[in-house]
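To start, the structure itself, in C-alpha cells.
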Amino acid sequence: MSRTEIRLTGFGGQGIILAAYVLGKATSVVEGRHATLNQAFGPEARGSACSAQLVLSDEPVSYPYVRRSDLLVAMSQDAYRRFVDEVKPHGLVLHDDSLVTPEGGRDLRHLGVPATRLAEALGKRIVAHMVMV
C-alpha cells in the first residue's frame, strides 16, 4: 500500500486549506487514489497559524492524520519552525523562498519556490498558494 502524508502550513488568509483541498481532489479525480483532509487554524483566523494535513493512499484511509510528513509545504517561517521536525528523514520541504529561510541540521531536501514573487508578477499576491500547488 502506498501512503503519502503531506502537511501544508502558513498563516490564515494564505489559502492553505484551499491548496490542500485542491491537491486532495486532484489526486482523487485524476489518479483515482483516496484522500483525507484535516485542517487546523487559530481562533483569530487571518494572520494566525494555519495547517492542513493531507493523507493520500492507494487504499481507503483508516487513520486520517499525518504521523510523519513525506512532504512539508511551508509558507511562513513560524509554520516551518513548528513542523519541520515532523518531516521523515530524506523528506521534502517546499518553502516560499521569500517568506521562509530553511534552517539546517536535519537530513531533508529543501526546495525554495518563489510563490509570492510569481503571484505578485501575475498581479495577485493572494494566489501564492496556487502557485505553490
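The values are calculated or read from the model by the stated rules, or taken from the named source; none is laboratory data. A quick note: this is a predicted structure, and the numbers were derived from the prediction, not measured. Every residue, glycine among them, receives a Cβ derived from its backbone with ideal geometry; neighbour counts consider all protein chains shown. Heads up: the accessible areas ignore ligands, DNA and RNA and are worked out on the full protein's heavy atoms, side chains in. Shrake-Rupley method; radii C 1.70, N 1.55, O 1.52, S 1.80 Å.
Here are a few things to note about the model shown:
- Cut-off 15 Å, label 7 Å out along Cα→Cβ of SER62, residues of segment 1-31 by amide N: 1-3
- The three principal axes of the C-alpha atoms in segment 45-93 carry coordinate ranges of 35, 28, 13 Å, sorted with the longest axis first.
- Acute angle (nearest 10 degrees) that the helix 16-31 long axis makes with the longest principal axis of the chain, alpha-carbon atoms: 40 degrees
- Calculated FRET efficiency, LEU18 to ARG109, Cβ-Cβ distance, R0 = 30 Å: about 0.75 to the nearest 0.05.
- Segment 53-112 - percent of accessible surface contributed by carbon and sulfur, probe 1.4 Å: 48 percent
- Residue-normalised accessible area of segment 20-133, given per residue in Å² at a 1.4 Å probe: 57 Å²
- Under 14 Å, Cβ to Cβ, from ALA119 - net charge with Lys/Arg +1 and Asp/Glu -1: 0
- Applying a DSSP loop filter and a limit of 12 other Cβ atoms within 10 Å to the chymotrypsin sites (Phe, Trp or Tyr not before Pro) in segment 32-133 leaves TYR65.
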